1. Which of the residues spanning region 88-125 are acidic (Asp, Glu) and within 13 Å of the chain's Cα centre (by Cα)?
2. Return the residue satisfying two criteria in turn: it lies in region 116-141 and is in a helix (DSSP H, G or I) and touching a Phe, Trp or Tyr at 6+ places or on another chain (Cβ under 9 Å), and of such residues it is farthest from Arg77 (Cα to Cα).
3. What is the one condition in (1) modelled with pLDDT under 75; (2) under 22 Å from the mean Cα position of the chain (by Cα) that Asp136 does not satisfy?
4. Taking region 98-152 as the search range and keeping residues that are closer than 15 Å to Leu84 by Cβ and without any contact (Cβ under 8 Å) to a residue 12 or more places away in the chain, which one is surrounded by the most Cβ atoms within 10 Å (Cβ to Cβ)?
5. What pairs can you find where one residue is in region 48-63 and over 17 Å from Ala90 (Cα atoms), the other is of a type in the set (A, V, I, L, M), and their Cβ atoms are less than 6 Å apart, with a gap of 6+ or different chains?
6. One residue is enough: does region 31-43 have a residue meeting the conditions out of contact with any strand residue (DSSP E or B) (no Cβ under 7 Å at 6 or more places or on another chain) and among the acidic types (Asp, Glu)?
7. I'd like to know if region 54-75 contains one or more residues that are closer than 20 Å to Tyr124 by Cβ, of a type outside the set (Gly, Ala, Ser) and assigned to a loop (DSSP other than H, G, I, E, B).
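The values are calculated or read from the model by the stated rules, or taken from the named source; none is laboratory data. Worth saying up front: this structure is predicted, and the values here are computed from it rather than measured. When we count neighbours, we look across all protein chains shown, and the Cβ atoms used for this are built from the backbone with ideal geometry, even at glycine.
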Amino acid sequence: MRCPFCNENNDRVVDSRESQNSHTIRRRRECLDCGRRYTSYERIEDIPFMVVKRDGSRTEFDRKKLLVGLYKACEKRPVPARRLDEIVDAVEHQVHEREDREITTQEIGQFIMDELKDLDQVAYVRFASVYRRFEDIDAFMTELKELLDQKR
């Protein structure tokens, strides 16, 4: 670290502390050449996770956007908000585990539908109708029939 006063690269760390949010480390340093002290901050550079859409475009992973979709699907249903947070946490965990830091909307959608199918079938159908873009009532009925067949 270069001293901001004498521009020499000869210092020692006097004190280190984590910041309140635990994402930054504050270091108090002393220049061994001029003897003055200064503060530096270290933080891990955040590399964004990308979502690959159906058309091939990429957008940054947005937890809030995913939660909004789940809340809409579960509106007026007896599904605890905590459970929806857990589903989004699981999706985030999947993305964090990947080396390429990308995930497709198809993978996200299928994972969420699998979770909703066990959690609340009405929410599942609502989510599937948007995710799978049902164009007509026949596509909707096909999905309902598959759901009923699995239930039996």
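1. Asp89, Glu92, Glu97, Glu102
2. Phe140
3. (2)
4. The residue in question is Asp114.
5. These pairs meet every condition: Arg58/Met50; Arg58/Val52; Thr59/Val51.
6. Yes: region 31-43 contains one or more residues that are out of contact with any strand residue (DSSP E or B) (no Cβ under 7 Å at 6 or more places or on another chain) and among the acidic types (Asp, Glu).
7. Yes.
Here is a yes/no grid of residues against (1) among the basic types (Lys, Arg); (2) out of contact with any Lys or Arg (no Cβ under 7 Å at 6 or more places or on another chain); (3) assigned by TED's automatic domain parsing to the domain that holds Glu99:
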| residue | (1), (2), (3) |
| --- | --- |
| Arg17 | yes, no, no |
| Thr24 | no, no, no |
| Arg27 | yes, yes, no |
| Glu30 | no, no, no |
| Arg36 | yes, yes, no |
